[in-house]
Amino acid sequence: MVRVLATGTFDILHPGHLLFLSEAKALGDELYVIVARESMIKHKPKPIVPETQRLAMVQALSIVDKAMLGSEKDMFEPLYQIKPDIIVLGKNQFFNEKELEASLRNHSIEAKVVRIQSFQECELCSSAAIIRKILKRNGRG
């Protein structure tokens, strides 16, 4: 049984998220998803949607076998419980595959890192694009 792990903020679910998770699921038998804690997001603006609601949305997707919130202290903490065989990165996620693999090894986690190359191209295939359109529609963008 191959266990695949995907991670992300999943602020406003859109077709890009669905493509990413579908491609991730195709790599194994079980798809686990870690939804980022707001306190751990440092590389982009904080999400609009609260983390418990983002988690509920991801859990509701039939393609996802198990979803959980990440740790508020150490991003590697949930991996000890999940024991993934493969960790997938989205095309635009900021991690460097080689550096992540080295960090995993340093934490005694023997998972392969795979970057999903598929990317959904559409007007509203990112949370930021959706937010921009809402602001524009309301005369603020």
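Among the residues of the stretch 21-50, those that are modelled with pLDDT under 95 and in a helix (DSSP H, G or I) comprise GLU38, SER39, MET40. Filtering the stretch 22-69 to residues that are under 24 Å from ASP85 (Cβ atoms), surrounded by 15 or more Cβ atoms within 10 Å (Cβ to Cβ) and in contact with a Phe, Trp or Tyr (Cβ under 6 Å, 6 or more places away or on another chain) leaves VAL35, VAL58.
Does PRO78 qualify as being more than 21 Å from ALA128 (Cα to Cα), not hydrophobic (A, V, I, L, M, F, W, C) and not in a loop (DSSP other than H, G, I, E, B)?
Working: more than 21 Å from ALA128 (Cα to Cα): yes; not hydrophobic (A, V, I, L, M, F, W, C): yes; not in a loop (DSSP other than H, G, I, E, B): yes.
In short, yes.
Of the residues making up the stretch 5-20, those that are among the small types (Gly, Ala, Ser) and either farther than 12 Å from ILE63 by Cβ or part of a loop (DSSP other than H, G, I, E, B) (or both) number 2.
The values are calculated or read from the model by the stated rules, or taken from the named source; none is laboratory data. Treat the numbers as computed from the prediction; the structure is a model and nothing was measured. Don't worry about glycine lacking a Cβ; one is built from the backbone with ideal geometry, like all the others, and counts go over all protein chains shown.
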